[in-house]
Amino acid sequence: MKLYIVGKVPPPIGGVTIHISRLLNNLKDHNIFCGFIDYKNIWNYRYFFMIGGVYHIHLSNKWMRLFFVFVLKFLLKRVIVTFHGKYDFSHKADLLALQLCDEAILLNNFTYNAAKNVKDKGIHLIGAFIPPKELNPLKPALDLMIEKLKKDVDILCCLNASVYAEDESGCDIYMGAEVIDFFNKNRNIGLIFSDPSGMYSERFVATKPDNVIFIVESHDFVSVLLKSDVFIRATRKDGDSISVKEALYFNKKVIATGCVDRPMGVLIINDINEIGEKINEKHFSIKPVDNFEQILGVYKKYILS
């Protein structure tokens, strides 16, 4: 059976699109022919009518994900869904998508344990991390800006937010206001804020202190990580953050909110102001597992049988 990946690749740059891009590249390196279906291009839906086929869905919109699962199962296709995020499956669309799909890939213990209460077959606890194979250097002007900031501060941190987004309560998922307030109060600590959408830069242009740089143009975040001392993951909700594992992979100190189970070696905070305490705390990094082989193991049940 032929494999199809349903989702988006960069741009925009985000955890899910980066994961899909690296997954496609690794499949190509393993000589596994794989079709890619950009779900926003209706013309690509013609591939749903091919004979046979295994379709791996990477969508965050609950109802759209369910729509694709339902249509593909109606067409007698094999369907794999990766649930990018933290789910309790109390929402009807999440529950039905889980029940209907043949295989579900769940990124964290909370979601996996919730899924076990729904079905006992075809569920897999597998992270989203696939290491980068090549790095794209930053533009010279960005390099100079970062080097200047490093000279002006004692410690250089970085964080990323692909787009401004709010949770169910209407709160900023990436805690932008709290982050800017912390760095306003701690001018000896620098921050590179990777903001490819430009939405955070627009919101905080008036309150941004000199020790904070926003990068709003397209760039490789790994190159930003390599120039930083600390990676901060300040979120109100999360799945299996690729950036957290990238930082651990490159032996960087990681400080993250405890909204979801985090990998070993991450320093957990419950309040943004705790960054000041954790930033000087000793840490140990455990290199994260490359999850590609585990994902490939799920595919092998269908495409190599």
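Only a single item in (1) within 23 Å of VAL260 (Cα to Cα); (2) assigned to a strand (DSSP E or B) is not met by SER60, and it is number (2). The single condition among (1) on the phi < 0 side of the Ramachandran plot; (2) free of Cβ contacts under 8 Å to residues at least 60 places away in the same chain that LEU23 does not satisfy is (2). Filtering region 84-141 to residues that are polar (S, T, N, Q) and touching a helix residue (DSSP H, G or I) at 6+ places or on another chain (Cβ under 7 Å) leaves only ASN136. Restricting region 128-142 to residues that are touching a strand residue (DSSP E or B) at 6+ places or on another chain (Cβ under 9 Å) and either surrounded by fewer than 19 Cβ atoms within 10 Å (Cβ to Cβ) or small (Gly, Ala, Ser) (or both), the residue that is nearest to GLY15 (Cα to Cα) is ALA128. Scanning region 193-235 for residues that are part of a helix (DSSP H, G or I) and either in contact (Cβ under 8 Å) with a residue 24 or more places away in the chain or buried (at least 21 other Cβ atoms within 10 Å of the Cβ) (or both) returns MET199, TYR200, ARG203, PHE204, PHE221, VAL222, SER223, VAL224, LEU225, LEU226. Between ILE295, ILE279, ILE242, the distinction of being in contact with a Leu (Cβ under 9 Å, 6 or more places away or on another chain), of a type in the set (Val, Ile, Thr) and under 30 Å from ARG78 (Cβ atoms) belongs to ILE295 only.
Residues that are over 14 Å from LYS40 (Cβ atoms) and either free of Cβ contacts under 8 Å to residues at least 60 places away in the same chain or not in a loop (DSSP other than H, G, I, E, B) (or both) within region 11-20 comprise GLY15, ILE18, HIS19, listed in sequence order. A Cβ distance below 7 Å, combined with a sequence gap of six or more or placement on separate chains, defines the contacts here; from region 72-92, residues that are among the acidic types (Asp, Glu) reach residues that are buried (at least 19 other Cβ atoms within 10 Å of the Cβ) in the pairs ASP88/ALA114. Exactly one residue among LEU24, LEU59 is more than 25 Å from ALA114 (Cβ to Cβ) and either crowded, with 16+ Cβ neighbours inside 10 Å or among the aliphatic types (A, V, I, L, M) (or both), and that residue is LEU24. ASP88 - would you say it is under 19 Å from ILE242 (Cβ atoms), outside the structural domain of ASN160 (by TED's automatic domain parsing) and exposed (fewer than 14 other Cβ atoms within 10 Å of the Cβ)? Considered against the rule, which asks whether it is under 19 Å from ILE242 (Cβ atoms), outside the structural domain of ASN160 (by TED's automatic domain parsing) and exposed (fewer than 14 other Cβ atoms within 10 Å of the Cβ), ASP88 comes out as no. Any residue at all in region 236-246 that's farther than 19 Å from CYS171 by Cα, without any contact (Cβ under 8 Å) to a residue 24 or more places away in the chain and in contact with a strand residue (DSSP E or B) (Cβ under 9 Å, 6 or more places away or on another chain)? Yes - at least one qualifying residue is present in region 236-246. Of all residues in region 160-192, those satisfying the criterion of being assigned to a strand (DSSP E or B) and farther than 14 Å from ASP238 by Cα are ILE189, GLY190, LEU191, ILE192.
The number of residues in region 245-299 being aromatic (Phe, Trp, Tyr) and within 19 Å of the chain's Cα centre (by Cα) comes to 3.
The selection criterion, being surrounded by 21 or more Cβ atoms within 10 Å (Cβ to Cβ) and at positive phi, holds for GLY53.
The values are calculated or read from the model by the stated rules, or taken from the named source; none is laboratory data. Everything numeric in this text was worked out from a predicted model, so none of it was measured. Glycine also receives a Cβ, built like all others from the backbone with ideal geometry; neighbour counts cover every protein chain displayed.
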